[in-house]
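The values are calculated or read from the model by the stated rules, or taken from the named source; none is laboratory data. The structure presented is a predicted model; accordingly, all values stated were derived computationally and were not measured. Here Cβ is always computed from backbone atoms with ideal geometry, including for glycine, and neighbour counts include all displayed protein chains. Ligands, DNA and RNA are excluded from the accessible area calculation, which covers all protein heavy atoms including side chains. Shrake-Rupley method; radii C 1.70, N 1.55, O 1.52, S 1.80 Å.
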Amino acid sequence: MKQLIKFAASWCQPCKQLAGSLKYVDFKDVELKEVDIEENSELAQQYGIRSVPTMVLLEDDKEIGRKSGVLMADQIETFIHG
């Protein structure tokens, strides 16, 4: 199963824009996990997050893709479903 981790911060305006796009995404069999980098800096450091928003796509706990910045819903669907 795939998992999409969205790394963001409460003060980040682009993160809020990305959150708006995510509302329109059909995730199907992809689990979305949202991580606030200030509340979970250890996980952000583990994934080498240097800017927010950043989305990391995992399959069987292995990273298979990464996107940073604001994306539209259709771009996110293409990213997670191919």
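Each row is one residue, and each column tells you yes or no for (1) at pLDDT 95 or above; (2) farther than 15 Å from Val70 by Cα; (3) touching a Cys at 6+ places or on another chain (Cβ under 7 Å); (4) of a type in the set (Asp, Glu).
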{"site": "Ala8", "(1), (2), (3), (4)": "yes, no, yes, no"}
{"site": "Cys15", "(1), (2), (3), (4)": "yes, no, no, no"}
{"site": "Ala19", "(1), (2), (3), (4)": "yes, no, no, no"}
{"site": "Leu22", "(1), (2), (3), (4)": "yes, no, no, no"}
{"site": "Glu31", "(1), (2), (3), (4)": "yes, yes, no, yes"}
{"site": "Val35", "(1), (2), (3), (4)": "yes, yes, no, no"}
{"site": "Leu43", "(1), (2), (3), (4)": "yes, yes, no, no"}
{"site": "Gly48", "(1), (2), (3), (4)": "yes, yes, no, no"}
{"site": "Ser51", "(1), (2), (3), (4)": "yes, no, no, no"}
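Among the listed residues Ile5, Ile37, which satisfies the condition of being out of contact with any helix residue (DSSP H, G or I) (no Cβ under 7 Å at 6 or more places or on another chain) and either within 24 Å of Gly82 (Cβ to Cβ) or surrounded by 12 or more Cβ atoms within 10 Å (Cβ to Cβ) (or both)?
Testing whether each residue is out of contact with any helix residue (DSSP H, G or I) (no Cβ under 7 Å at 6 or more places or on another chain) and either within 24 Å of Gly82 (Cβ to Cβ) or surrounded by 12 or more Cβ atoms within 10 Å (Cβ to Cβ) (or both) leaves just Ile5.
Take the residues in region 52-65 that are open to solvent by less than 60 Å² (accessible area, probe 1.4 Å) and among the hydrophobic types (A, V, I, L, M, F, W, C); name whichever of them is farthest from Leu18 (Cα to Cα). Break it down into steps so the answer makes sense when it comes.
Initial filter on region 52-65 (open to solvent by less than 60 Å² (accessible area, probe 1.4 Å)): 52-58, 65.
Filter again for among the hydrophobic types (A, V, I, L, M, F, W, C), leaving 52, 55-58.
Details: Val52: 10, Met55: 10, Val56: 14, Leu57: 15, Leu58: 19 Å.
Filtering region 52-65 for residues that are open to solvent by less than 60 Å² (accessible area, probe 1.4 Å) and among the hydrophobic types (A, V, I, L, M, F, W, C), the one farthest from Leu18 (Cα to Cα) comes out as Leu58.
So that you can scan it fast, the table gives a plain yes or no per residue for (1) assigned to a helix (DSSP H, G or I); (2) surrounded by fewer than 12 Cβ atoms within 10 Å (Cβ to Cβ); (3) without any contact (Cβ under 8 Å) to a residue 60 or more places away in the chain; (4) on the phi < 0 side of the Ramachandran plot:
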site: Lys16; (1), (2), (3), (4): yes, no, yes, yes
site: Leu32; (1), (2), (3), (4): no, no, yes, yes
site: Leu43; (1), (2), (3), (4): yes, no, yes, yes
site: Arg50; (1), (2), (3), (4): no, yes, yes, yes
site: Lys67; (1), (2), (3), (4): no, no, yes, yes
site: Gln75; (1), (2), (3), (4): yes, no, yes, yes
site: Thr78; (1), (2), (3), (4): yes, yes, yes, yes
